[in-house]
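Written out below as structure tokens is the structure these notes cover.
The values are calculated or read from the model by the stated rules, or taken from the named source; none is laboratory data. Just so it is clear, the structure is predicted and the values come from calculations on it, not from any experiment. Backbone-built Cβ (ideal geometry, glycine too); neighbour counts: all protein chains shown. Ligands, DNA and RNA are excluded from the accessible area calculation, which covers all protein heavy atoms including side chains. Shrake-Rupley method; radii C 1.70, N 1.55, O 1.52, S 1.80 Å.
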Amino acid sequence: MSTTALPTAPLHAASADTAVGDAASEQPRTYLVRTLGCQMNVHDSEHMAGMLEQAGYTRASSQDEAANAADVVVINTCAVRENAANKLYGNLGQLAGIKATRPGMQIAVGGCLAQKDRGDIVAKAPWVDVVFGTHNLDALPVLLERARHNEAAQVEIAESLQVFPSTLPTKRESVYAGWVSISVGCNNTCTFCIVPHLRGKERDRRPGEILAEVEALVAAGAIEVTLLGQNVNSYGVEFGDRGAFAKLLRACGRIEGLERVRFTSPHPAAFTDDVIAAMAETPNVMPQLHMPLQSGSDRILRAMRRSYRSEKFLGILDRVRAAMPDASITTDIIVGFPGETEEDFAETMRVVEASRFSSAFIFQYSPRPGTPAATMEDQLPKAVVQERFERLLALQERIGAEEADKQVGRTLEVLVAEGSGRKDGATHRLSGRAADNRLVHFGLTPVPDAVPLPGVDLTRAPADLDDPRLADVVPAGVPRPGDTVTVTVTKAAPHHLIAEPADAAGLVVRRTRSGEAWAAREKARLGGGEDEHSHGTPAPSGPVALGLPTLRR
């Protein structure tokens, strides 16, 4: 582990007197965590929030979060794409002005870009107080306290995993759905990817620890769990069981109260038929699969060190759809990899046409320093990459729309989400996810644009304890986040579905434990009780004594 203390710049507004004054204040210091990147980063941010709350911080209000007005702002970074650094320094530039007017404010940078750039971050943005890496999330509260005490920026980067993240306290964003890491790191050597360098070799958790965490989430109200790993279907290689992932899926199927199980992301090279069978035969494993293609050209796949070829990839999709005809399959694709010819790109277009993805994350190749692809010859001109990107995007938009159109007329059970779509407030619709993870915007009454409860905006969080969703008996047809609704799809678009109630009398709502957990959390937020569903304790794999500092009152 490398630790560096750097002198603070003038923007570092906290003096020793200020720090003491803050610590002695009756008001706890507030925090917010900004997340840039993948689902793994989102879950890491939940751990960061959990550690800060255990150390005595409280989350900033939604208004303060929107204004970046918190005593501690943590940015959890990504390093996969070239624009990740631009996003980070853009955020830091905005925070510099806020910090200059807010005595005692601290800024911390963690995640993959922090692991990669280390002390360079403080050199470029000397108003940053703490830099910590992917291997030592647990150090965040200690480093904040040390930076405040020493009035010097603290940079601490561990070279290997110090504490398995899932053993850390967690403040989960959702009460009805949760992330559960089954492994960290990756053993693959894809030439475009910097993740193995930043997160290390794969480390697998024991199945009993994972299942205990899932059971704890369900006991706290969750009905949906997503299993996370850089390559989930290689799970078990560390302890010598290549069938461990399929067994884990089946074991999740035996957890009472767990209604939806998802996972991300698998690797086509290691995706085996026992996993397909486990998905098809386990009722609570959802008919959804994210299968990264990256390229349809076998020549480019070889240059990427992706140890599968296009026909194997298409064969996997055929077997998945044979076992689960309604499965929704999504993917990742890179356009413009070094040396990609027009013929190579035509192969990608061919495979995408044959794959019939419901949606795709399409990226223009960007060289990442430290990866073999960054130094390859034949880097493509931006104009060529852009033109191919637009062609592929147009193809996938057409396919996505065609696949979505097949959903019109279907009756779906939708898990109601917290928050809403951009237009939901105007249309009086809510949003949620179908079993296959498609986004669904659904009406609340049989008549479009009708308001079921005049004066109550169900697309927003409750403003007071009189909100009908918090009542002991919730009105019929009024769903809460975490409840499910039965709706019929009436219209489709490439990236979402529109649905109306399946019953002419109104919305069919199924009350769930998750809806109850959401209501309990909101009542606590509004001062009407204690929140028993924050998941703010370490996962059941065992407590870890970290010696975290707490804020003096």
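Remarks
- Matching option when the condition is in a strand (DSSP E or B) and either within 23 Å of Pro372 (Cβ to Cβ) or aromatic (Phe, Trp, Tyr) (or both), among Trp179, Trp127: Trp179
- Ile121 falls short on exactly one of the conditions (1) farther than 30 Å from Thr191 by Cβ; (2) not in a loop (DSSP other than H, G, I, E, B), and that condition is (1).
- Of all the listed residues (Asp71, Asp129, Asp138, Asp120), the sole one being open to solvent by 50 Å² or more (accessible area, probe 1.4 Å) and at negative phi is Asp120.
- Some residue of region 473-481 being open to solvent by 30 Å² or more (accessible area, probe 1.4 Å), part of a strand (DSSP E or B) and farther than 22 Å from Glu224 by Cβ: no
- Of all the numbered requirements in (1) open to solvent by less than 10 Å² (accessible area, probe 1.4 Å); (2) in contact with a strand residue (DSSP E or B) (Cβ under 8 Å, 6 or more places away or on another chain); (3) under 30 Å from Ala524 (Cα atoms), Trp179 misses one, and that requirement is (1).
- Output for region 500-522, where each listed residue is closer than 16 Å to Val473 by Cα, open to solvent by less than 40 Å² (accessible area, probe 1.4 Å), outside any helix (DSSP H, G or I) and in contact with a Pro (Cβ under 9 Å, 6 or more places away or on another chain): Val509
- Residues of region 199-216 that turn out to be out of contact with any His (no Cβ under 9 Å at 6 or more places or on another chain) and within 21 Å of Arg118 (Cβ to Cβ), as a count: 1
Quick grid of which residues meet (1) modelled with pLDDT under 90; (2) over 21 Å from the mean Cα position of the chain (by Cα):
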{"residue": "Ala70", "(1), (2)": "no, yes"}
{"residue": "Val74", "(1), (2)": "no, no"}
{"residue": "Thr77", "(1), (2)": "yes, no"}
{"residue": "Val80", "(1), (2)": "yes, no"}
{"residue": "Ala84", "(1), (2)": "yes, no"}
{"residue": "Ala96", "(1), (2)": "no, yes"}
{"residue": "Thr101", "(1), (2)": "no, yes"}
{"residue": "Met105", "(1), (2)": "no, yes"}
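- Considering only residues in region 251-280 that are assigned to a helix (DSSP H, G or I) and closer than 15 Å to Ala435 by Cα, the one that is most open to solvent (accessible area, probe 1.4 Å) turns out to be Ala280.
- All positions within region 296-322 that are farther than 12 Å from Ser355 by Cα, open to solvent by less than 30 Å² (accessible area, probe 1.4 Å) and not in a helix (DSSP H, G or I): Ser297, Arg306, Tyr308
- Per the listing Ala251, Ala177, Ala216, Ala220, the residue uniquely out of contact with any helix residue (DSSP H, G or I) (no Cβ under 9 Å at 6 or more places or on another chain) and in contact (Cβ under 8 Å) with a residue 40 or more places away in the chain is Ala216.
- Single match in Asp424, Asp449, Asp472 (criterion: over 30 Å from Arg398 (Cα atoms) and modelled with pLDDT under 95): Asp472
- For Asn76, the stated conditions do not hold, so it cannot be described as free of Cβ contacts under 8 Å to residues at least 40 places away in the same chain and surrounded by 19 or more Cβ atoms within 10 Å (Cβ to Cβ).
- Of everything in region 323-340 that is closer than 30 Å to Gln379 by Cα and among the hydroxyl-bearing types (Ser, Thr, Tyr), the residue that is surrounded by the fewest Cβ atoms within 10 Å (Cβ to Cβ) is Thr330.
- For region 356-409, a residue qualifies if it is out of contact with any helix residue (DSSP H, G or I) (no Cβ under 9 Å at 6 or more places or on another chain), closer than 23 Å to Ala499 by Cα and open to solvent by less than 50 Å² (accessible area, probe 1.4 Å), and the qualifying residues are Gly400, Ala401, Glu403, Ala404, Gln407.
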